[in-house]
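To keep things clear, I will list the structure first and then write my remarks on it.
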Amino acid sequence: MKNELFRDLVFYEIYPTSFYDSNDDGIGDLKGIELKLDYIKDLGCNGIWLNPFYDSPFMDGGYDVRDFFNVDKRFGTNEDFKSLCAKAKEKGIIIIVDLVPGHASEENKEFLESAKYERNEYSDMFIWTNSVWNMDSRYRFVSGRHNRDGNYMINFFSVQPAFNYGFKEVTDPFWQLSYKDPRTFKARDYIVSIMKHWASLGASGFRVDMADSLVKDDDEMKSATREVWEYIFNKVRSEYKDLYIVSELGWPKRSFRMGFDADFILDFFDFSYISTFIRKENNVLLDRKNVDKFILELKDFYNDAFKLGGYIANISGNHDEMRIASIAKDKIRSFYLFILSLPGTPFIYYGDEIGMKYSEGLSKDGGYNRTGSRTPMQWDNSLNYGFSKAKELYLPVGLGSNVNLKDEMNDPNSLYHFVKSLIHYRRNSKSLLSDDMEIEYKDNVLYIIRRDLCYILNLKEEEDIKLDKTIIFTSGINNVLKPSEAALIEWR
């Protein structure tokens, strides 16, 4: 059953390193975010998704957590986090934080205990083979780094040892544990303690990284991982009933059965983003089969959401993807109309609302090609685009383009004002906040009908569409939609 408290949420994603530097050390921080809460509220967002701010060696942008219970000193303190959450709630904004349940940093103290030669209470908390010579080719292991006679499994990078939630099918009983083995509950209970800790400090929920990566060798529907999440949620929600928990999964049929409130639809360019790159650089229409697949997935995802009681979380982008302004280019307004006209809880990545672009040739904190989407927010046209007064910045600013918020605010026809108006309209529209939706696709035109409103997208190769209904928002000019342009119109 859907929690109605979440129905009108619109989130703003913040990469803490890059949002606003309050102490002029060249790195963004929690106090900086607190100083900009009025901006986020004015934009219309009533939720913030905060990327990792935990103590970390930053070999993977903070997703390699050394201490799950403390803020990294570069961002501030736990008291700063409490203050941020309290000030945000005063302004009607909830904050959800990244939860990394699949792995820790190799510098995590519990992992280092598990890596000791002598057995102890943490020996089974991470996945280790029974011998350093046991190298099962089906998995990824790191060898020879510690005194323990064994190799540890990694979840992504070599510095990210995998928590041990067990295996669905045990094929080597010398080192694998069943997910039902009580020894694997150490990891479950550890995640419960992390969630309760941050909820006690003011967090209103979690965005869960790699949410389906827990139980190894799970079946297609992740039934064992589902049992683990049910265990975790039962323990956490008995104390914190109304947490908003969204999965990074991209498969509502799985995630909502696990108990998540929302599911991210991301990293799937044939779904969320197709409405903006229906055309290639040379203006040749994409393969029609891609469009058909997009329509089918759109219907399936929302049918699952309505049936199973969850929210689809469409995003403008995130810290792992190229910025939408660099992808969609002049079709970006059609895209924003798309994600803000659909049911669910949309997410706007910081800077996307002003058209910040991807910066080529950067790599920091294990970001590699992703770093180009993590550069500092461009607030104005002053030193460092108003992000910081520091002489040197941790990440460079303004490499992608010189767009900035101050100029966008001064231009009534800017992308910023378009996005802001859309968000405010959405949050006050009973039709757009409802679950009522019909999807029609005929004569190369997509219609998404929301009670008395309709999102219409022109997918024709060359032919324009003339609209004869009242236009609320449009990416076109007047009542004409050129190919790949869209509008939100009154319907019926």
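The values are calculated or read from the model by the stated rules, or taken from the named source; none is laboratory data. Note that the structure is a prediction, hence the values are computed from the model and not measured. Here Cβ is always computed from backbone atoms with ideal geometry, including for glycine, and neighbour counts include all displayed protein chains. Accessible surface is based on the protein model in full, side chains and every heavy atom, while ligands, DNA and RNA are left aside. Shrake-Rupley method; radii C 1.70, N 1.55, O 1.52, S 1.80 Å.
For segment 41-72, what are the residues that are open to solvent by 10 Å² or more (accessible area, probe 1.4 Å), assigned to a strand (DSSP E or B) and in contact with a helix residue (DSSP H, G or I) (Cβ under 9 Å, 6 or more places away or on another chain)?
Correct list: Asp67, Phe69, Asn70, Val71.
Could you tell me whether segment 368-390 includes any residue that is modelled with pLDDT under 95, assigned to a loop (DSSP other than H, G, I, E, B) and among the hydrophobic types (A, V, I, L, M, F, W, C)?
no
List pairs: first in segment 69-97 and of a type in the set (Asp, Glu), second at pLDDT 95 or above, Cβ under 7 Å, 6+ apart or cross-chain?
Cβ pairs passing all conditions: Asp72/Phe53; Asp72/Tyr54; Asp72/Asp55; Asp72/Ser56; Asp80/Leu30; Asp80/Lys31; Asp80/Val71.
Looking for something closer than 30 Å to Arg7 by Cβ, without any contact (Cβ under 8 Å) to a residue 24 or more places away in the chain and open to solvent by 40 Å² or more (accessible area, probe 1.4 Å) - is there at least one such residue anywhere in segment 373-386?
Looking through segment 373-386, none of the residues is closer than 30 Å to Arg7 by Cβ, without any contact (Cβ under 8 Å) to a residue 24 or more places away in the chain and open to solvent by 40 Å² or more (accessible area, probe 1.4 Å).
Give the residues of segment 230-248 that are in contact (Cβ under 8 Å) with a residue 12 or more places away in the chain and under 21 Å from Ile94 (Cβ atoms), sorted by residue number.
The answer is Ile232, Phe233, Val236, Glu239, Tyr240, Asp242, Leu243, Tyr244, Ile245, Val246, Ser247, Glu248.
So if I check each of Asn147, Asn120, which one is touching an Asp or Glu at 6+ places or on another chain (Cβ under 8 Å) and either in a helix (DSSP H, G or I) or polar (S, T, N, Q) (or both)?
Step by step, each of Asn147, Asn120 is checked, and only Asn120 is touching an Asp or Glu at 6+ places or on another chain (Cβ under 8 Å) and either in a helix (DSSP H, G or I) or polar (S, T, N, Q) (or both).
Applying the selection to segment 199-244, what residues are of a type in the set (Asp, Glu) and on the phi < 0 side of the Ramachandran plot? Walk me through it before giving the result.
Let us first name the residues in segment 199-244 that are of a type in the set (Asp, Glu), namely 209, 212, 217-220, 227, 230, 239, 242.
Matches in segment 199-244: Asp209, Asp212, Asp218, Asp219, Glu220, Glu227, Glu230, Glu239, Asp242.
Kindly indicate whether Ser114 is more than 18 Å from Thr184 (Cβ to Cβ) and among the polar types (S, T, N, Q).
For Ser114, the condition - more than 18 Å from Thr184 (Cβ to Cβ) and among the polar types (S, T, N, Q) - is not met.
Which count do you get for residues in segment 475-492 that are out of contact with any helix residue (DSSP H, G or I) (no Cβ under 8 Å at 6 or more places or on another chain) and either part of a strand (DSSP E or B) or open to solvent by less than 10 Å² (accessible area, probe 1.4 Å) (or both)?
Residues in segment 475-492 being out of contact with any helix residue (DSSP H, G or I) (no Cβ under 8 Å at 6 or more places or on another chain) and either part of a strand (DSSP E or B) or open to solvent by less than 10 Å² (accessible area, probe 1.4 Å) (or both): 5 in total.
I'd like the residue in segment 458-473 that is touching a residue at least 60 places away in the same chain (Cβ under 8 Å) and of a type outside the set (D, E, K, R) and, out of all such residues, is farthest from Tyr336 (Cα to Cα).
Leu459
Within segment 417-457, which residues are at negative phi, among the polar types (S, T, N, Q) and either in contact with a Gly (Cβ under 9 Å, 6 or more places away or on another chain) or touching a residue at least 12 places away in the same chain (Cβ under 8 Å) (or both)?
First pass over segment 417-457, keeping only residues at negative phi: 417-442, 445-450, 452-457.
With the extra rule that they be among the polar types (S, T, N, Q), the set shrinks to 421, 428-429, 431, 434.
The answer is Ser421, Ser429, Ser431, Ser434.
Under 6 Å between Cβ atoms, which residue pairs at least 6 apart in sequence (or on different chains) link something in segment 404-416 that is among the hydrophobic types (A, V, I, L, M, F, W, C) with a partner that is modelled with pLDDT of 95 or more?
So the pair list comes out as Leu405/Ile354; Leu405/Trp379; Leu415/Gly355.
For segment 135-144, how many residues meet the condition of being in a loop (DSSP other than H, G, I, E, B) and in contact (Cβ under 8 Å) with a residue 12 or more places away in the chain?
Residues in segment 135-144 being in a loop (DSSP other than H, G, I, E, B) and in contact (Cβ under 8 Å) with a residue 12 or more places away in the chain: 5 in total.
So if I check each of Asp38, Asp29, Asp21, Asp25, which one is over 20 Å from the mean Cα position of the chain (by Cα), open to solvent by less than 10 Å² (accessible area, probe 1.4 Å) and modelled with pLDDT of 95 or more?
Asp21
Give Leu467, Leu481, Leu488 a once-over and let me know the one that is hydrophobic (A, V, I, L, M, F, W, C) and within 24 Å of Asp300 (Cα to Cα). Walk me through how you get there before you give the answer.
Numbers: Leu467 fails: within 24 Å of Asp300 (Cα to Cα); Leu481 fails: within 24 Å of Asp300 (Cα to Cα).
The match here is Leu488.
Looking only at residues in segment 288-324 that are of a type in the set (Asp, Glu) and under 17 Å from Phe347 (Cβ atoms), which one is surrounded by the most Cβ atoms within 10 Å (Cβ to Cβ)? It would help to see each step written out before you state the result.
The initial filter retains those residues of segment 288-324 that are of a type in the set (Asp, Glu), namely 292, 297, 300, 304, 320-321.
Add one more test, that the residue is under 17 Å from Phe347 (Cβ atoms), and what stays is 320-321.
Details: Asp320: 15, Glu321: 19.
So, considering only residues that are of a type in the set (Asp, Glu) and under 17 Å from Phe347 (Cβ atoms), the one surrounded by the most Cβ atoms within 10 Å (Cβ to Cβ) is Glu321.
Checking the structure you have, find out if any residue of segment 153-170 is without any contact (Cβ under 8 Å) to a residue 40 or more places away in the chain, over 30 Å from Trp49 (Cβ atoms) and among the acidic types (Asp, Glu).
no
Find the helices (runs of 4 or more DSSP H) located wholly in segment 158-269 whose residues include 1 or more that are touching a strand residue (DSSP E or B) at 6+ places or on another chain (Cβ under 6 Å), and list them.
Values: elements: 185-200, 223-237, 252-258.
Where helices (runs of 4 or more DSSP H) fall fully within segment 158-269 and carry at least 1 residues being touching a strand residue (DSSP E or B) at 6+ places or on another chain (Cβ under 6 Å), they are 185-200, 252-258.
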